[in-house]
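S.K.: Sharing a structure with you now.
The values are calculated or read from the model by the stated rules, or taken from the named source; none is laboratory data. Because the structure is a prediction, the values reported are computed rather than measured. Here the Cβ positions follow ideal geometry from the backbone for every residue, glycine too, while neighbour counts run over all protein chains shown. The area values use the complete protein model at the heavy-atom level, side chains included, leaving out ligands, DNA and RNA. Shrake-Rupley method; radii C 1.70, N 1.55, O 1.52, S 1.80 Å.
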Amino acid sequence: MGHRENLLTAARGCLLRVGYARTTARDLAAASGANLASINYHFGSKDELLTRALHELNTEWGELLFRALGDGDTHEALWERIIESIRGNRQLWFVNFEGVAYLQHDAKIREMTAQAQQAARTALARAFGGLGPDADPDRVRIVGSHYYSLLVGVALQWLTDPEHAPSAAEIVAADQHTHV
């Protein structure tokens, strides 16, 4: 691998270990074996490098979510796999939550997050609402938004207080009382 790839790999590792805010250019240079000037040469700035790495991790998060959703399972089985994905990939979920703090000031992160949300809403509407490609787009957005809101809330609870976070069965039981 060249310096560019090493820097990107280092950035991914730093994001997962210490997060966006606590990663320094010196950390990136040390972890990659490159010099500080390589960051600007290849990416323009430390923030651009971290944003690129965040984009890759966000894509990885989406792939994990889509695998967890699978096809044709009960809602409880879907939530069980989602919860297991959260438990097994805590650092990846933390990085994605941390990215939210940068939405206000970084248009690239805001656009990346919006695209990821749209894809997640569509996948969630398909998995939980049975809405396929021919479904009314407004219905997909509404149903997907409902389940995306649940997903974010469930993930936050499992990341912060797993001892009291809801089980898959509890989520399904409570969700049966909502009307989407």
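S.K.: For the stretch 52-67, state whether one or more residues are more than 19 Å from the chain's Cα centre (by Cα) and not small (G, A, S). First the steps, then the outcome.
M.R.: At the first step, the residues of the stretch 52-67 found to be more than 19 Å from the chain's Cα centre (by Cα) are none.
No: zero hits.
S.K.: In the list R22, R26, R12, which residue meets the criterion of being open to solvent by 70 Å² or more (accessible area, probe 1.4 Å) and either under 22 Å from the mean Cα position of the chain (by Cα) or under 14 Å from N96 (Cα atoms) (or both)?
M.R.: Residue meeting the stated conditions: R22.
S.K.: Inspect all residues belonging to the stretch 57-73 and state whether any of them is among the charged types (D, E, K, R), over 28 Å from A21 (Cβ atoms) and in a helix (DSSP H, G or I).
M.R.: If we filter the stretch 57-73 for residues that are among the charged types (D, E, K, R), which is where we start, we get 60, 63, 67, 71, 73.
The next check asks that each one be over 28 Å from A21 (Cβ atoms); those that pass are 67, 71, 73.
Still in the list and also in a helix (DSSP H, G or I): 67.
Yes.
S.K.: Take the residues in the stretch 29-54 that are touching a residue at least 40 places away in the same chain (Cβ under 8 Å) and open to solvent by less than 70 Å² (accessible area, probe 1.4 Å); name whichever of them is nearest to A116 (Cα to Cα).
M.R.: Here the answer is L54.
S.K.: A further question follows. Can you name every residue in the stretch 113-124 that is of a type outside the set (A, V, I, L, M) and surrounded by fewer than 19 Cβ atoms within 10 Å (Cβ to Cβ)?
M.R.: Listed by number, the residues that qualify are Q115, Q117, Q118.
S.K.: What are the pairs with Cβ atoms under 7 angstrom where one residue, in the stretch 125-154, is without any contact (Cβ under 8 Å) to a residue 40 or more places away in the chain and open to solvent by less than 60 Å² (accessible area, probe 1.4 Å) and the other, located anywhere, is assigned to a helix (DSSP H, G or I) and polar (S, T, N, Q)? Sequence gap at least six, or different chains.
M.R.: That search, which allows pairs on different chains as well, returns V140/T122; G144/T122; Y148/Q117.
S.K.: Being at pLDDT 95 or above and open to solvent by 50 Å² or more (accessible area, probe 1.4 Å) narrows it down to one of R110, R67, R87, so name that one. Outline the logic, then answer.
M.R.: Working: R110 fails: at pLDDT 95 or above; R67 fails: at pLDDT 95 or above.
Result of the check over R110, R67, R87: R87.
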